[in-house]
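Coordinate-derived values only; no laboratory data. Model, not experiment: these values are computed from the prediction. Every residue, glycine among them, receives a Cβ derived from its backbone with ideal geometry; neighbour counts consider all protein chains shown.
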Amino acid sequence: METPLEHTFLHRIILNHLIHDIVFRNLTPLEFLRFARTCRLTYAVVQTFVKRCFNINNLLSRYFTDPIAFRLLQARTGTLIAGSAALQFFDRTTYSNSKLALYVPRHAETEVLMWLVEHGYHFVPWPGTPSDLDEAIEFFKQTGFVAGIIDEPMTTHRSRVLQAVYGFQKPSSVEGEPSIKIQCYIASFGPLDVILSSHSTCVMNVISYEKAYCLYPRATLHFHETLVSGLNPSPGRPDALQKYLKRGFKLIRGLGPDTECKFPTRKRFMGDSLSWTLSLDMEGVDTRFPVPGTDTTLSHDPVAMLSWKLVARRPPCNDIEIERGLPTFSKWIYSNPSDEPWPDRWVASK
């Protein structure tokens, strides 16, 4: 039986959320997850903190008045969140005037873009492209994505994996604040292909309607290091890397004996033990929708079934590649609609 002193210590100090927030905000996820292993009580305390701190609806409320409606859109279409918004979610930070980056399967292009318009966003065309959204959609379907047509940071991805990129914005509800901006990447093959073609690993974090995945958590969240892509530099990539330097990230330009723990080279799967995976609050998110062309409903987002691997090239080439694989059944939403095999590689400079 607890004494009055024990009761006070437990409920006013150990179980005090205000104290948790002060302590844990100065710890990296690796540190507070290690702390959770010390005993059952600390495990429960950390789990409560994680659930409270990593609230996806709080992040989405910056961009949408109804975050649940957007997550239902994600579930219907396979749309993923990545880029700086996903990094901010995991890193518990806020970048001023940052954009929400959405990665959309091409079969869902029109549905997602029109949903944004219906929820208060207006289309912002790139120079040299049609100002009408319907005409812009048709323009990109006919011409495809043209590298260089869009300024930084949109050209930090390979044009091969992109069908189109669209910009949207709406006025902020806070007077004097900049407009809220969203950029939609329409994938030629699948959303993860675009994400894995990013300038470096710190933005390789993925948020689906049900889970959030940090693919390189030790490097990204504990050491604040990011492995730089060895792809042919795009016009926007130098500025993008400089931006993350200013945000406190160290640029890693190759793999060595001391990088295996941070950038593992074994075969990887979404949600594996080397990732940090958070299950999101699913209250109000009804996902009973059919797979296109079937009567079957999915129990999980198909992105959970994808895999990739860092592979060192043979000498004399000193680059590193990421090769991606996926099961056949998820091709309807995350892969090339054709049945022809195609390679997907992401290269890191050494």
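In a reduced charge model with +1 at each Lys and Arg Cβ and -1 at each Asp and Glu Cβ, the range 90-149 shows a dipole moment near 320 debye about its Cα centre. At 0.692 mPa s and 37 °C, plugging the Kirkwood radius over alpha-carbon pairs of the range 218-287 into Stokes-Einstein gives what diffusion coefficient in µm²/s? Answer, rounded: 223 µm²/s. Pairs from the table (LYS170/LYS211; LYS181/LYS243; LYS99/LYS246; LYS262/LYS309; LYS99/LYS262; LYS99/LYS250) lying more than 20 angstrom apart at Cα are LYS170/LYS211; LYS99/LYS262; LYS99/LYS250. Shown here for the range 173-279: GluC sites (Glu not before Pro) in loop regions (DSSP other than H, G, I, E, B) with at most 11 other Cβ atoms within 10 Å, namely GLU175.
Looking at the range 165-269, the trypsin sites (Lys or Arg not before Pro) that sit in a DSSP loop and have at most 16 other Cβ atoms within 10 Å of their own Cβ are ARG247, ARG253, ARG266. For the range 249-259, 3J(HN,Hα) computed residue by residue from phi via the Karplus equation (6.51, -1.76, 1.60; θ = phi - 60°) reads 9, 8, 7, 9, 10, x, 9, x, x, 8, 9 Hz, glycine and proline entered as x.
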